[in-house]
Amino acid sequence: MSDSAKLSYKGQEYEFPVITGTENESAIEIGKLRDVSGLITLDPGYKNTGATKSAITFLDGEEGILRYRGYKIDELSKKSTFLEVAYLLIYGELPTQAEYDAFSKEITQHTLVHEDIKKILAGFPSNAHPMGVLSSLICSLSAFYPDSLNPNQTDEEINLSIIRLLAKMPTFAAWAFKNKIGHPVNYPDNNLDYCANFLKMMFALPAEQYESDPVVATALDKLLILHADHEQNCSTSTVRMVGSSQASIYAAISAGINALWGPLHGGANQSVIEMLEAIKADGGDAKKYLDKAKDKNDPFRLMGFGHRVYKNFDPRAKIIKQAADEVLSRLGVTDPVLEIAKELEYAALNDQYFIDRKLYPNVDFYSGIIYRALGIPTDMFTVMFALGRLPGWIAQWKEMRENKEPIGRPRQVYVGATEREYVFINKR
Ligand code: CMC
């Protein structure tokens, strides 16, 4: 007999099925709760609410485990490539050589964007944050490819949109940067692989030969793998939510980019470096900032620390910390903020406040230090996160669609004024 859970309320007892996933996570299915009892559940921030059943990413926050489609993140980051991981996330299995070659080739063939994109870019003020520019350009694809507005597209048509997204996102990201610094944009170079092409579009100057450093391209590929999916986080839930209304896939991904932008989510990577720079400028006193983070009257938080689901080391942070040391030494870069970061980490991990709340460094704590060493400017860090997260968003959108999930529509407990009579303004 399958498991069930009982709720008793006002002398009545209600029974609900309990479902268990493949990793033994259990959930009470409360879909009929309101029908039978008149009650709803209230869970601000969805801290304890499962929104879907998903077969893409498994995460155990207590044990610090992260797997894509069953494959361990540390193994993928060592042995795989970003495009292979993208294929795995989106289509469910690792590709054969022939599938991988066809997938990479197709992506390469779609890297170019419509020339009118330059007109949209030109409309942005030069100080526009590249995340806003990126989300706008991604959303503009719904105008260039209006067939994506049809919710009944065939699988083949959907797949073309998926390929376009993977192909054009690096072009948009690099163009957002070039536009910001007032340089002419670089067109994609289809002789290069995904990361080398992106680096060339970012850094090549018109009058100079450019060849990306393989150390930089490999480090970037690894970072993108580490960011590729993270189950039902804020931006991914946003993608699924927007997608559930049957808006275009481009609109859904654009919404995900906006959700990622905030400093409590992907925007934390930019905030971490800004915080470390501020500590350095203030004399490098890590303890002072630790005390600020613990002070409930001070809005300051230790950026890059804490996570909704990890109550142990974020496995991505472990890999990134090691990679930061390797990349900086291979590139011969010394960065004083790396020392401040390590000092801050050590102090926090030995501080009772952080121990009691199980606050560990997250993916964003060390990633900015690598991005900086790779020559990526600070306000592009979250764009890099978006580039990495794209296959995860796509996979989650595709799963939501294939599972025919209903439109996302939470309920609320209303606490406003009860009915009252309108009074004309001159009588008030
Ligand atoms: N510095 C100081 N105190 C913290 C921090 C922090 N970074 N994070 C959590 N706390 C405290 C918080 O004040 C609360 O204390 P108390 O129980 O005394 O009220 C307790 O820890 C629990 O925090 P919470 O805000 O209820 O936890 P949450 O699950 O709602 O928030 C978080 C998770 C990531 C938003 C939060 O830890 C945070 O703001 N961290 C800094 C921003 C950051 O690094 N974000 C990137 C997350 S990883 C990338 C991604 O996938 O998005």
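The values are calculated or read from the model by the stated rules, or taken from the named source; none is laboratory data. Just so we're clear, the structure is a prediction, and the values are computed from it rather than from any experiment. Don't worry about glycine lacking a Cβ; one is built from the backbone with ideal geometry, like all the others, and counts go over all protein chains shown. Ligands, DNA and RNA are stripped out before the accessible areas are found, and what is left, the full protein with its side chains, is counted by its heavy atoms. Shrake-Rupley method; radii C 1.70, N 1.55, O 1.52, S 1.80 Å.
Set side by side, the residues Ala268, Ala286, Ala317 differ, and just one is modelled with pLDDT under 95, buried (at least 23 other Cβ atoms within 10 Å of the Cβ) and within 16 Å of the ligand (Cβ to nearest atom), which is Ala317. Regarding Thr49, is this residue under 24 Å from Gly92 (Cβ atoms) and in contact with an Asp or Glu (Cβ under 9 Å, 6 or more places away or on another chain)? So Thr49 fails the test. Scanning region 256-265 for residues that are open to solvent by 20 Å² or more (accessible area, probe 1.4 Å) and farther than 13 Å from Phe365 by Cα returns Asn258, Ala259, Trp261, Gly262.
Scanning region 295-314 for residues that are more than 17 Å from Gly267 (Cα to Cα), open to solvent by 10 Å² or more (accessible area, probe 1.4 Å) and within 9 Å of the ligand (Cβ to nearest atom) returns Lys296, Val309.
Yes/no matrix, rows are residues, columns are (1) closer than 28 Å to Asp229 by Cα; (2) out of contact with any strand residue (DSSP E or B) (no Cβ under 6 Å at 6 or more places or on another chain); (3) modelled with pLDDT of 90 or more:
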| position | (1), (2), (3) |
| --- | --- |
| Ala293 | no, yes, yes |
| Gln322 | yes, yes, no |
| Arg357 | yes, yes, yes |
| Phe365 | yes, yes, yes |
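Could you say whether any residue in region 235-252 is over 29 Å from Phe144 (Cα atoms), open to solvent by 10 Å² or more (accessible area, probe 1.4 Å), of a type outside the set (Asp, Glu) and modelled with pLDDT of 95 or more? So far as region 235-252 goes, no, none of its residues is over 29 Å from Phe144 (Cα atoms), open to solvent by 10 Å² or more (accessible area, probe 1.4 Å), of a type outside the set (Asp, Glu) and modelled with pLDDT of 95 or more. The helices (runs of 4 or more DSSP H) falling completely within region 323-390 that include 2 or more residues that are crowded, with 20+ Cβ neighbours inside 10 Å and within 14 Å of the ligand (Cβ to nearest atom) map to 336-349, 363-373. Could you say whether any residue in region 1-21 is at pLDDT below 95 and aliphatic (A, V, I, L, M)? Taking every residue of region 1-21 in turn, at least one turns out to be at pLDDT below 95 and aliphatic (A, V, I, L, M).
Please verify whether region 333-352 includes one or more residues that are assigned by TED's automatic domain parsing to the domain that holds Asp221, under 23 Å from the mean Cα position of the chain (by Cα) and more than 23 Å from Lys294 (Cβ to Cβ). Looking through region 333-352, none of the residues is assigned by TED's automatic domain parsing to the domain that holds Asp221, under 23 Å from the mean Cα position of the chain (by Cα) and more than 23 Å from Lys294 (Cβ to Cβ).
Where helices (runs of 4 or more DSSP H) fall wholly inside region 110-213, the ranges with 3 or more residues that are closer than 26 Å to Ser235 by Cα, touching a residue at least 12 places away in the same chain (Cβ under 8 Å) and open to solvent by 20 Å² or more (accessible area, probe 1.4 Å) are 130-144, 155-181. When Ser2, Ser37, Ser8 are screened for being open to solvent by less than 60 Å² (accessible area, probe 1.4 Å) and over 30 Å from Gly243 (Cβ atoms), only Ser37 passes. Of the numbered criteria (1) under 30 Å from Leu39 (Cβ atoms); (2) in a helix (DSSP H, G or I), the one Trp397 fails is (1).
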